[in-house]
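Here is the structure we will look at.
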Amino acid sequence: MAASGSRNEPGGDDTILEALCFPEQQADGSGFLSVHSPGMELLVCLFCSESTPLQQKDSLLKHLLLEHKLVIADVRLIADLPKYMLYWKGRFLEQPIADFCSVIKTNSTGPVEKQEEYFLLCDVLPEDRILREKLQQKRLEKVLEQQEKERNDCSFHRLCMFCSEEFSGNRSSLLNHMAREHSFSVGLPDNIVFCSEFLDALENKLDNLQCLYCEKTFRDKTTLKDHMRKKAHRRINANNRQYDRFYVINYLELGKSWEEVQSEDDRELVDDNEDDWSDWQANPVSAVCLFCDHQSETMDQLYSHMKDAHSFDLHQLKTELNLRFYQQVKLVNFIRRQIHQSRCYSCQQKFDCKADLMQHIEREAHVMKLPHTSTWDQPQYYFPTYENDALLCTLSESDEDEREETGGSEDVPVIAEDISGLRALKQTSVLNHLLKNS
C-alpha cells in the first residue's frame, strides 16, 4: 500500500498517493503496462460520475482517497485498470464496500470525533485476486496475438534511423541491420511487440536531439552522434519504464518486471556446486540526508553530516525519547514527508519551497524540536515516504527492544536438574560395561 496522508492533516492537498523514490530510481506512472496507447480510455470513479483519462490516473486515485476514503493497492500491477474499475463499480452497487475492503481506522487512540475510516481494496480478497489474474491473462493473450501478427507481417516499411536506408518486408530485417551495421541492438525481434510504436518513440528522442541511453539533450545532431559513438551510448536505457510495454517478457507474470523474470531464469542455471561467495562485493549503500540532497556511502558519514550541517542528532533523539525501533521508523518517515511537502515538522508552518523551509528551521532552532508524539507516532508513518530509503534499513533497536527479544532472560529463574539419583545412575550406566570390556 502506498503512503498516504489524511484529509485532517494540515495542507491535505499534499496527499502522497505512492511511495516516492530518491533520484537513483525513477518513480513515475510509466511502469503501468497497457496494450492500448496512453490516454485512449477513461477511468470512472467507483462511487460517483467523476472520470479521467487513463494517462491521468493519479488524479482519480487522489479523488478516491480524499472524497471516498478508498485506496486501491498495487495499482501499477493491474493489467487493465479501466475494466478493473468498471467491475468494482458494479459490485459496490450490489453490496456494501465493507464486504470487500479492509477497514483502516486512523487516529485510533484519539477522540472518536477525530477518527476516520479508510478502505483498502487489495488482492487479499480472493475475488480481487481472481479478477487481477483474469485481466492479466487477457492482456497476455492480446499481446501474444499482436506479436504473432507482427512476426508474420511482410508489409513492414521503414527507414533506418541512423543511415536512412530503406527496409521493406519483415521488421527483423531493419532490427538486424541496426544491430549489425550500427551496433544498436534492442534485443531479438521475436521478443518485441508494438514494434512500430517502439521505433517511433526512439526516433522521436533522436529528432529531439536526445541521447537514447543517458537521455541528455544536445545542441545539434552532429554533437549527439559523436556523443553516442564515443560514450558507447547506442543502446536504450533499461531503467526507462517507457520501453517496458514493447517487450513480451514484461507481460508474462503478474507483478514481475523483466529483471525479476530474468533473475529467476538465471538462478535455475546456476550449478549447486557454485556456492562460493568469497568474491562477491556488495554495492555501497547510498543513504540520503533528511534535510538536503547529500548522499553518504556509510551511515556514520550520514549521521555526521546531519549533525554538522543541520545540527540534527538522531541518536540523541532516540536516547532522550527512548524510541523503539518502529517509533524510529515512523519518525524518519514523518520528517521525510514534512520536508517533501515543504512543511516544518515542528510547528507545521507551510512554505513555498524547501529553501524557505530550511531557513525557517535554522532560524527558529526547530531542528531538534519534535511535535507531540501523537503527531508522528501514527500507523500511516509505517509506510516509507521514499521506497528506497536506505536510512530505514540501518535504524538500530533500543535497549528495551533488545531485552524483549531475549525474552527478559535476566529475570527468568533457572531450575536445577534433579541429581538425587546421580550415584545410582553412574553405577547402572552402560558405559561401565563398555569400559570393562575394553
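Every residue in the stretch 150-180 that is open to solvent by less than 30 Å² (accessible area, probe 1.4 Å), among the aliphatic types (A, V, I, L, M) and either touching a residue at least 60 places away in the same chain (Cβ under 8 Å) or in contact with a helix residue (DSSP H, G or I) (Cβ under 7 Å, 6 or more places away or on another chain) (or both), please.
The answer is Leu175, and nothing else.
Report whether or not Pro413 is surrounded by 12 or more Cβ atoms within 10 Å (Cβ to Cβ), more than 20 Å from Asp313 (Cβ to Cβ), out of contact with any Leu (no Cβ under 8 Å at 6 or more places or on another chain) and modelled with pLDDT under 90.
Against the criterion (surrounded by 12 or more Cβ atoms within 10 Å (Cβ to Cβ), more than 20 Å from Asp313 (Cβ to Cβ), out of contact with any Leu (no Cβ under 8 Å at 6 or more places or on another chain) and modelled with pLDDT under 90), Pro413 does not qualify.
Part of a loop (DSSP other than H, G, I, E, B), touching a residue at least 40 places away in the same chain (Cβ under 8 Å), among the charged types (D, E, K, R) and under 30 Å from Ile78 (Cα atoms), is that true of Arg235? Spell out how you get there, then give the answer.
On the way: part of a loop (DSSP other than H, G, I, E, B): yes; touching a residue at least 40 places away in the same chain (Cβ under 8 Å): yes; among the charged types (D, E, K, R): yes; under 30 Å from Ile78 (Cα atoms): yes.
So Arg235 passes the test.
Among what's in the stretch 368-409 and is among the small types (Gly, Ala, Ser) and in a loop (DSSP other than H, G, I, E, B), pick the residue that is modelled with the highest pLDDT.
Here the residue is Ser396.
Does Thr385 satisfy the condition of being touching a helix residue (DSSP H, G or I) at 6+ places or on another chain (Cβ under 9 Å), open to solvent by 50 Å² or more (accessible area, probe 1.4 Å) and hydroxyl-bearing (Ser, Thr, Tyr)?
Values: touching a helix residue (DSSP H, G or I) at 6+ places or on another chain (Cβ under 9 Å): yes; open to solvent by 50 Å² or more (accessible area, probe 1.4 Å): no; hydroxyl-bearing (Ser, Thr, Tyr): yes.
In short, no.
From the list Ile72, Ile130, Ile104, which residue is among the β-branched types (Val, Ile, Thr), open to solvent by 30 Å² or more (accessible area, probe 1.4 Å) and modelled with pLDDT of 90 or more?
Step by step, each of Ile72, Ile130, Ile104 is checked, and only Ile130 is among the β-branched types (Val, Ile, Thr), open to solvent by 30 Å² or more (accessible area, probe 1.4 Å) and modelled with pLDDT of 90 or more.
For Gly90, only one of the following conditions fails: (1) assigned to a helix (DSSP H, G or I); (2) under 29 Å from Thr375 (Cβ atoms). What is its number?
Answer for Gly90: the failing condition is (2).
Among (1) surrounded by 13 or more Cβ atoms within 10 Å (Cβ to Cβ); (2) at pLDDT 90 or above; (3) outside any helix (DSSP H, G or I), which single condition is Val186 missing?
It fails just one condition, (2).
Identify the single condition in (1) modelled with pLDDT under 65; (2) over 18 Å from the mean Cα position of the chain (by Cα); (3) among the hydrophobic types (A, V, I, L, M, F, W, C); (4) under 21 Å from Phe119 (Cβ atoms) that Val35 does not satisfy, given that it satisfies every other one.
(4)
Do the conditions hold for Glu197, that is, is it on the phi < 0 side of the Ramachandran plot and more than 34 Å from the chain's Cα centre (by Cα)?
no
Scanning for something of a type in the set (A, V, I, L, M, F, W, C), surrounded by 19 or more Cβ atoms within 10 Å (Cβ to Cβ) and not in a helix (DSSP H, G or I), does the stretch 354-366 turn up at least one residue?
Checked the stretch 354-366: no residue is of a type in the set (A, V, I, L, M, F, W, C), surrounded by 19 or more Cβ atoms within 10 Å (Cβ to Cβ) and not in a helix (DSSP H, G or I).
Condition (residue is in contact with a Lys or Arg (Cβ under 8 Å, 6 or more places away or on another chain) and surrounded by 14 or more Cβ atoms within 10 Å (Cβ to Cβ)) applied to the stretch 136-149: is it met by at least one residue?
no
What's the total number of residues in the stretch 96-153 that are closer than 26 Å to Leu65 by Cβ, part of a helix (DSSP H, G or I) and touching a strand residue (DSSP E or B) at 6+ places or on another chain (Cβ under 9 Å)?
4
The values are calculated or read from the model by the stated rules, or taken from the named source; none is laboratory data. Just so you know, these numbers come straight off a predicted model, no measurement behind them. Positions of Cβ are generated from backbone atoms using ideal geometry, with glycine treated the same way; all protein chains shown enter the neighbour counts. Ligands, DNA and RNA are excluded from the accessible area calculation, which covers all protein heavy atoms including side chains. Shrake-Rupley method; radii C 1.70, N 1.55, O 1.52, S 1.80 Å.
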